[in-house]
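S.K.: Got a structure for you, questions after.
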Amino acid sequence: MTLNQQRKLKTILTGLFAWSVALVLFFPIFWMFITSFKTELQAISVPPSLFFEPTLDNFRIVQERSDYIHHAWNSVVTSFGSTIIALVIAIPAAYSMAFFPGKRTKDILLWMLSTKMLPAVGVLVPIYILCRDYGLLDSKTALVIIFTLMNLPIIVWMLFSYFKDLPKEILEAARMDGATPWDEVVKVVLPLSVGAISSTALLSIVLCWNEAFWSLNLTASDAAPLTAMIASYSSPEGLFWAKLSAASTLACAPIVIFGWFCQKQLVQGLTFGAVK
Amino acid sequence: MKRSITRLLMAPSVIMLLVWMIIPLSMTIYFSTIRYNLLYPGQNNFVGLMNFEFFITDPGFIPAVSNTLILLLSVLIITVVLGVMLSALIDKPFFGQGIVRVLLISPFFIMPTVNALIWKNMMMNPVYGIFAWISESLGFEPIDWLSSYPLVSIIIMVSWQWLPFAILVFVTALQSQDTEQKEAAQMDGATGLHIFRYLTIPHLARPIAVVVMIETIFLLAVFAEIFVSTGGGPGYDSTNLAYLIYNQALLQYDVGVASAGGLFAVLLANIVAFFLIRAVGKNLTV
C-alpha cells in the first residue's frame, strides 16, 4: 500500500468510527421521534418495528390532553423573558468589569460564579415559602425572576470574557472623538459584540428551556413550562409510549433545532471562550 | 471614567445576586433551627441542632451523600475519559463532519425530564425496551435496569447528556493544536500513543478543567432524572442529596429538617468547589 492509500484508508476508518459513535449517541432521540408516529401497539411491539404506516394521531391527542401550545408558550415567555432581563442587567456589569477592572474585579467574578455553585435544593424551602406568601406559586413571574438570577453569573462571566478581548484602542479613539460613555457602549461596544451577546443569549435560552428543578417544584398547571408538562407523562399507569414520544418530540424539537444552528457558538460560549 | 460610575454599572448585578444569595440562605439557616412542619402550623419553637441530628441520622442520609458523590465522579470520569478518547479519534477530516457534529451534540439539548423518560421506557424497559430486545436477541436474560441497577441507570442517562458536550469542547480545542509540533514528533519516531500522551493530553488540560467545572455545577444538582425515572428508589438506592431534601420538604412537609439538609448540601458543594477552584482556577483566565 502506498502512503497515499494508507492515508485514504485512515480517513475512511475515522469517518466510519465517527459516524457510528454519532449514530449510537443519537439513537435514543431518533427512536423517540420514530415512536411518536406509531400507534400504541406498534410502539411496544417486540421486536421493535422500524417500518410502519406513520400516524399523526398522537400529536393531536397530546394537544387535546395537555394543551401543548399553552405550555410551550410558558416555556417561550419564561426563557426569553428572563434572558432579556438578565442581559440588560449583565451587559453594564460586564462592560465595567472588562474595561475598568479594579483590584477586586477577579474576586467579584469568582464570587458570582460561586453563587452558581450553591445547590438549588439549599434554598428550595425558603423560595417555595416566599412564593407561597406572595401568591407567586404557579406563576410565570416567579420563574422569570428565578431563571434570571440563576443564569446571571454565567451571562456576566461570558460577556466579560468577550468584552475583555475587544481592542481597547478603539474605545480610546472613540473617547478622543468626544464620545460619552453612553455613546461608547451603544455605538462601539455593542455593535462589536453582537455575536457574543447573541451566543450568550442562546445559551441562556437553552438552559432556561430545559430547567427542571424550579419548574417542577414551583408550578402546577397555569405556569408549567414544557419540562413540567412532560413529567406528567411519567405516571406508571399503562404504557402510552407513542403519546409520550409525541409530547417529548414536541417539547424538545424547538430547542434542538435551535441548538443545531448555533452549536458552535454555544460551546464557545459555555466554556467562557477558554476553547477557541 | 470615575470609579463611582463603574460601581454603579456593576451594582444591579451584584446587589441582585447578593439578595438572591443572602435572603434565602438566612431563611434556610433560621428554619433549620426551629421546629417547622407544614402539617403542624404554629408550633415553631427553637430546637437548636435537632433538625441536623434528624437529617444526619435519617436512614437516607449516608446513601444520599455517597450516591451524590458516586454520580458526580462517575459521570465526570466517563465524560472526560470517553470524551478525550473519542475526540482524539475523530479529530481528522472525514465525510459528513458537519452532520456528525450536529448529531453528536443533540443529546445536550434534550431536557432532563424527556431524557429520563426516553431511557426509562424505550431503552431500559425490561419487556419492551431496546436493551431488553438486544439482550434477548443475543440469548441473555433481559435486565430490569431501573430496579436492579438504579444508580447505574441514572449515571447512564446523565452521561448521555454530558458526553456530547465534552466531545464537542475537546474537538474544538484539538483544532487549535499545533500540527507542526505533531509532525515533528512523528519525524522523530514518536508513536500515536506517545503523541496522545505527551502532546494531546497537555494541550487539553485547560478544556478538561473547564468541562469538569461546568459539569460539576450541574451534576451536584441532578434532580429531574431521578424524579421522573426511579423516584429515588428502590429504597434509597438512587436517592441523591437534592432528592432527599425535596422528599423531606415537599413530601413529608418537614421544612425544619429539609432546611438542615439544604445547609448540608451547601456545605458539600462548598467543599467540592474549594478543591475544584483550586485545581481549575489556575486554568481560567480572568
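S.K.: Within the stretch B:24-45, identify whether any single residue is in contact with a Leu (Cβ under 7 Å, 6 or more places away or on another chain) and surrounded by 18 or more Cβ atoms within 10 Å (Cβ to Cβ), and answer yes or no.
M.R.: Checked the stretch B:24-45: at least one residue is in contact with a Leu (Cβ under 7 Å, 6 or more places away or on another chain) and surrounded by 18 or more Cβ atoms within 10 Å (Cβ to Cβ).
S.K.: Determine whether the stretch A:67-88 contains at least one residue that is in a loop (DSSP other than H, G, I, E, B) and either free of Cβ contacts under 8 Å to residues at least 60 places away in the same chain or touching a Phe, Trp or Tyr at 6+ places or on another chain (Cβ under 7 Å) (or both).
M.R.: yes
S.K.: Looking at the stretch A:103-135 only, could you name the residues that are outside any helix (DSSP H, G or I) and facing chain B (nearest Cβ under 7 Å)?
M.R.: Answer for the stretch A:103-135, where residues must be outside any helix (DSSP H, G or I) and facing chain B (nearest Cβ under 7 Å): A:LEU118, A:PRO119.
S.K.: Which fully enclosed helices (runs of 4 or more DSSP H) of the stretch B:156-272 have 1 or more residues being touching a residue at least 24 places away in the same chain (Cβ under 8 Å)?
M.R.: Ranges flagged: B:205-219, B:224-228, B:241-246.
S.K.: Just a yes or no: is a residue in the stretch A:32-44 within 30 Å of B:PHE131 (Cα to Cα), assigned to a loop (DSSP other than H, G, I, E, B), facing chain B (nearest Cβ under 8 Å) and over 25 Å from the mean Cα position of the chain (by Cα)?
M.R.: Yes, the conditions are met somewhere in the stretch A:32-44.
S.K.: I want to confirm something. Restricting to the stretch B:75-105 and keeping residues that are at pLDDT 90 or above and exposed (fewer than 15 other Cβ atoms within 10 Å of the Cβ), which single residue is nearest to the other protein chains (Cβ to nearest Cβ)?
M.R.: Selected residue: B:VAL81.
S.K.: Residue check: is A:ARG7 within 30 Å of A:SER139 (Cα to Cα), loosely packed, with under 13 Cβ neighbours inside 10 Å and at pLDDT below 90?
M.R.: no
S.K.: With respect to B:SER66, determine if the residue is more than 14 Å from every other protein chain (Cβ to nearest Cβ), among the small types (Gly, Ala, Ser) and assigned to a helix (DSSP H, G or I).
M.R.: Judged against the criteria, B:SER66 is a match.
S.K.: Same structure, new question: Would you mind stating whether B:PRO150 is buried (at least 16 other Cβ atoms within 10 Å of the Cβ), at pLDDT below 85 and more than 7 Å from chain A (Cβ to nearest Cβ)?
M.R.: The answer is no for B:PRO150.
S.K.: Would you call A:PHE33 without any contact (Cβ under 8 Å) to a residue 12 or more places away in the chain and either in the same structural domain as A:ALA253 (by TED's automatic domain parsing) or among the aromatic types (Phe, Trp, Tyr) (or both)?
M.R.: Answer is no for this residue.
S.K.: Tally the residues that are crowded, with 20+ Cβ neighbours inside 10 Å, outside any helix (DSSP H, G or I) and touching a residue at least 60 places away in the same chain (Cβ under 8 Å), restricting the search to the stretch A:181-239.
M.R.: 5
S.K.: Just one of A:ASP107, A:ASP67 is of a type outside the set (Val, Ile, Thr) and on the phi > 0 side of the Ramachandran plot; which is it?
M.R.: Checking each option against the conditions leaves just A:ASP67.
S.K.: Given the options A:SER82, A:SER75, name the one that is in the same structural domain as A:VAL144 (by TED's automatic domain parsing), among the polar types (S, T, N, Q) and touching a Cys at 6+ places or on another chain (Cβ under 7 Å).
M.R.: A:SER82
The values are calculated or read from the model by the stated rules, or taken from the named source; none is laboratory data. Note that the coordinates shown come from a computational prediction; the quantities given were computed from them, not determined experimentally. Every residue, glycine as well, gets a Cβ built from its backbone with ideal geometry; the counts of neighbours run over all protein chains shown.
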